[in-house]
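Input: a single structure, listed below in structure tokens.
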Amino acid sequence: MSKPTLVILAAGVGSRYGGLKQLDTFSEQGDTILDFSIYDAIQAGFGKVVFIIRKSIEADFRSFFDEKLKGKIEVEYVFQETDKIPDKFKDNNREKPWGTGHALLMTKDVVKENFAVINADDFYGQEAFKVMADTLNKTDINSSQFNMMGYVLKNTISDFGFVSRGECKVDEKGFLIGLTERTHIEKVDGELKFKNDEGVMVPISEETTVAMNFFGFTPKYFELSNSLFEEFLEVNYKEPKAEFYIPSVVNHIIVNKIGSMEVLKSDARWFGVTYKEDKDYVTSEIQKLKDNGTYPTNLW
């Protein structure tokens, strides 16, 4: 079986962060969060990395990653642009990308093996990559048995504003039975709350299992999500802010019993950057991991 591929969602514009956080550095050695994810993936046995980016940042990405990854792992680039949709749905007023579900569909021509998908700006930890790689290596490439890394909500919150998380419902066997994208979760007066469809802030347990866009799929995912994206566009192609999310695809697959998704657990510490103010904390945590020997001083 082919080694699994790591797909990285890196086409975001970083509006809340105030810049291109995918290439921001968090160590004296000039490491991005992505450097650690790719390093962990190589150690875990992934054979290829696919960056999903916008054409406008290709040169920046290539200058940052091509040389350091040469000979270490196969690298591909694909592009998420607003006009990469069927012609009948094209709307010149669209400025924002179509969301993570659309981004992942951009890789279907270059990903033919089992694969994991991650966010570019989240630090998931070594153990999470090992668990994911082991699971993908055991999964039949033709199956609809998928998996995801589950995290505890309270460990994934920013102190500086709201975050977006996938709220998971998990059965007693550890399989997902429902996934709802919560695009606005934040701490209000010491209590975690999410904004519902009516704009009302509703309490949510801090122990809730959430998805951080660290999923494991077989290529079967692409044919399932492609048809769903067309259905989404039929309804939303004139909506300037409507987005098609990976959790929406996953929820459809689970609810309609088209496939299954096991929720894998990792004790590895997650952290990430949503806001500029998150940077100091992330930089400090990364330095601790280098100091204690989890990572070498120089990754590459």
For the chain, the Debye formula with one identical point scatterer on each Cα and no solvent gives log10 I(q)/I(0) at q = 0.09 Å⁻¹ as -0.42
Can you give the net charge of the other residues whose Cβ lies under 14 Å from the Cβ of Glu230, counting K and R as +1 and D and E as -1?
-> 0
Of Gly71, Gly12, Gly101, the most mobile residue in a GNM of the chain (C-alpha springs, cutoff 10 Å) is Gly71
In straight Cα distance, which aspartates and glutamates are under 17 Å from Lys241, not counting same-chain residues fewer than 8 positions off?
-> Glu81, Asp83, Asp91, Glu95, Glu181, Asp197, Glu198, Glu230, Glu231
Among Glu231, Glu186, Glu262, the residue with the largest mean-square fluctuation in a Gaussian network model of the chain built from Cα contacts under 10 Å is Glu231
What do you get when you divide the Cα radius of gyration of the range 101-252 by 2.2 N^0.38 Å, with N the number of residues?
-> 1.09
For the range 13-161, shape from the Cα gyration tensor axes a ≥ b ≥ c, cut at a/c of 1.5 then a/b versus b/c, turns out rounded
Gaussian network model of the chain, springs between alpha carbon atoms under 10 Å - residue of Asn236, Asn147, Asn213 with greatest fluctuation = Asn236
5 Å binning of all Cα-Cα separations within the range 82-165, expressed as whole percents from 0 upward = 2, 9, 16, 18, 18, 15, 12, 8, 2
C-alpha center-to-center spacing [the range 21-52, the range 222-284] in angstrom | 20
Determine the calculated [θ] at 222 nm for the chain from helices alone, applying -39500 (n - 2.57) to every DSSP H run no shorter than 4 residues and normalising by the residue count; nearest 500 deg cm²/dmol.
-> -8500 deg cm²/dmol
Between His184 and Trp300, the FRET efficiency computed from the C-beta separation at R0 = 45 Å comes out, to the nearest 0.05, as 0.75
Equivalent-ellipsoid semi-axes of the range 86-135, from the Cα gyration tensor, Å, largest first | 30, 15, 6
Provide the gained length on full extension for the span Glu285 to Lys72, in nm with one decimal, where the gain is 0.36 nm per separating residue minus the Cα-Cα distance.
-> 74.1 nm
Within straight-line cross-link reach of Lys290, aspartates and glutamates at Cα separation under 12 Å, skipping those fewer than 8 residues along the same chain = Glu28, Asp31
For the range 201-256, what is the per residue volume of the convex hull drawn over the alpha-carbon atoms, in cubic angstrom?
-> 137
Descending Cα extents along the principal axes, the range 141-231, whole Å | 48, 31, 22
Between Ser205 and Lys138, take the C-beta separation as r, use R0 = 35 Å, and let me know the FRET efficiency to the nearest 0.05.
-> 0.65
Cα-based equivalent ellipsoid of the range 1-83: semi-axis lengths in Å, sorted from largest, via gyration tensor = 21, 17, 11
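Bear in mind these aren't lab numbers, they're just calculated from the coordinates by the rules spelled out. In this text the structure is predicted, and so the values were computed from the model without any measurement. Neighbour counts are summed over all protein chains in view; Cβ atoms, including those assigned to glycine, are modelled from backbone coordinates with ideal geometry.
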